[in-house]
Structure formats: structure tokens, C-alpha cells
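As C-alpha cells, the structure follows; a few thoughts come after it.
The values are calculated or read from the model by the stated rules, or taken from the named source; none is laboratory data. What you are looking at is a predicted structure, and each value in this text was computed from that prediction instead of being measured. Cβ coordinates were reconstructed from backbone atoms using ideal geometry, including for glycine residues, and neighbour counts include every protein chain displayed. What goes into the accessible areas is simple: the full protein's heavy atoms, side chains included, and nothing from ligands, DNA or RNA. Shrake-Rupley method; radii C 1.70, N 1.55, O 1.52, S 1.80 Å.
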Amino acid sequence: MLRFILHRLLVMIPTLIVVSIVIFIVINLPPGDYLSNQIAELRATGQEAGLAKAEFLRREYALDRPLPEQYLVWIGVWPGPNGFNGLLQGDLGWSFEFNKPVAEVVGETLWFTVILNVAAVLFVYLVSFPLGALAAIRANSWVDYLAATIGYIGLATPNFLLALILLYYGQKWLGLPIGGLVDAQYENQPMSWAKAGSVLQHLIVPTVVIGLSGTAAMVRRLRANLLDELGKPYVVTAKAKGVPPLRRLTRYPLRMALNPFVSDIGSLLPSLVSGSVLISVVLSLPTIGPALLEALRAQDIFLSGFILMFISLLVLVGMLISDIALALLDPRIRLGKARKAQS
């Protein structure tokens, strides 16, 4: 198992390298960048002092060099004006739009982003697992119809509309807070039990909004997989031999049906992360979503590049967790990997 985990960790390294190259190319596809656009504007208005500062920043952050060299300097494997000083050395770069280091711009929002997406994943699996299993066991019953109704609502309702509805009725009926991920009195304060409770309370609406569409899809997936397993001959044989219903369900059918269910963690995270960007804007959440939209709009390459790399890392970590969970659930997976490595 340790060899399997190490293998998956090593695979993440070249994947991140390829992802970083693609991200850097994509954010540089539009003509110009923040500083070149600012320089053009300053030249048009004749502001020489501002023009000198913009030219200095352009040289300071190696934006006057060819794109391949800019990428290597950004990563930290090529010396820039200040030596080796890139992502690998912990320097996230400078945000020209916010006029401060990227690390200060993202700050606490990184942790809020991780907390929100982890909460959404937990919500998806904690709700979809019992609903999907019950829908398969009680097929064509009221439980199955209830699960189908939740699925149709989750898939058909736009996230931003659902967010507005839950904000209104959550505040009206349950007194849930509106907007943000923490009460104003706890902002810029160190973490405490009171602040943690405030964060959990604020997480209810965005977690449900972000996770509902994923929950709907996972319920239908588990129901279909489990129904297929329950109809196979080995289950009929176990029933004929008098195996108790719970043991007959959990011994093999449920475990076999869980394989694709668990593997979907890797494909679920990208949709949750991308969905959380729009929801963060609608609900005024202090995540990296609004900062990413502003950075892309302003062509703030260092800020947008780091945020996209962070989101990619989240996705890769989710896929790693999915692979480990699958290996624990089905030993054939890790044994197959080990035999392949030996051969």
C-alpha cells in the first residue's frame, strides 16, 4: 500500500508541471498584460512618473523577457532580477491589480476555499450514500421516488438561483446568516471556538448549494450500480442459502457498487471548485473565487496563475484520496499496480 501511495505522489509531480505550463500559456493568450495595458494608458495620458514605475515593475518581475523564460522565472527554476525567487521558493509573486503581494491577497481565503470544498464533498457523500443505497434496496418505492425528486431538483436548478432562494428562506425561517463565511466581529481575528462555530453556521447554505447537483448525480450513480449488483446470480444464491439481508447486502454487492461511486471523487472536485467560484460571488464569500475573476479580468497574471495552480492542486489531492480509497476498498487495484511495477 505504501508503494502504491508513493507511486501516486510521484505521478502528481509531472502532472503539476504540465498543468503549470498549460495555465501559464492560457493566461498569456490574451494580448498584453496588466502592466503593458497600464503603460499604454499612461503614455496616452502623458504621466511620466507612473510610466517609469510601471516600466520598473515590468523589469522587476521579468515581464520584459520571452515567455519561456518568464515561465521558468515564475516557477523558480531560472534566475530572475532577484535570483531564484518563484513558486518553488515560496514567492507567489506580486498582484498588480491589488498592489500587494499575492500571498497577502489570498491570505485567509485559501483556507476558507479548502474548508468550503471539503464541506461540499462531505455533504455530497454523506447524503448521496444512504439515499442511493435506499433507493436501490427499495426500488420503485416512495424512498426511490424521493431520491429521484431530489436528483431532478438538484440537476435542473441553477446554482445561483438556488443560492438566492436558500439565502432568503434560510434567513426567514432558520435565522441563518446571509453572506460571508464568518460574522463581522470575528474578521481578522485568530481562530477560536466561537469563530469556528460562526464559520460552520455560515457554511450551511453554500455547502448545500454547491453540493446539491453533485449529490443528485451520485445518488443516481449508486442506485444504478447497486441495482445491477443485486440482480446478479451470486446475490440470488446467497438469498436461497438463507444469508441474512444485511450481510447479503454488505458482503459483496454494496462493496462492488462503491467502486465507481468512490472513484468519482476525482471528477467531482473540479465541478465543485468551478461551481464554488460563481457561488462565492453571489453569496459574497471570502474565497479565492472573486479574486480569481478579478485577476482574470485585469490580466493579473501572477494572482490568476497562483489561484489556478492552487485549484489544480486541490483537484489532484482529491484524485489521490480517491485512488487511496479505491485501493483500500478493492485490494485488486493496489495488487495490480504492484505487479505492474514489478514486471
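The figures follow:
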| read-out | value |
| --- | --- |
| Odd one out for SER280 among (1) over 30 Å from ILE165 (Cβ atoms); (2) among the polar types (S, T, N, Q); (3) within 15 Å of the chain's Cα centre (by Cα) | (1) |
| Residue that is out of contact with any strand residue (DSSP E or B) (no Cβ under 6 Å at 6 or more places or on another chain), polar (S, T, N, Q) and exposed (fewer than 14 other Cβ atoms within 10 Å of the Cβ), where the choices are GLN89, GLN70 | GLN89 |
| Filter result (open to solvent by 30 Å² or more (accessible area, probe 1.4 Å), within 23 Å of ILE25 (Cα to Cα) and assigned to a helix (DSSP H, G or I)) within the stretch 277-308 | PRO290, LEU293, GLU294, LEU296, ARG297, LEU308 |
| Check on THR207, open to solvent by 10 Å² or more (accessible area, probe 1.4 Å), of a type in the set (Ser, Thr, Tyr) and touching a residue at least 24 places away in the same chain (Cβ under 8 Å) | yes |
| Some residue of the stretch 40-53 being under 14 Å from PHE306 (Cβ atoms) and either touching a strand residue (DSSP E or B) at 6+ places or on another chain (Cβ under 6 Å) or open to solvent by less than 60 Å² (accessible area, probe 1.4 Å) (or both) | no |
| Selection count, the stretch 182-233, where residues are modelled with pLDDT of 80 or more, out of contact with any helix residue (DSSP H, G or I) (no Cβ under 9 Å at 6 or more places or on another chain) and closer than 21 Å to GLY289 by Cα | 2 |
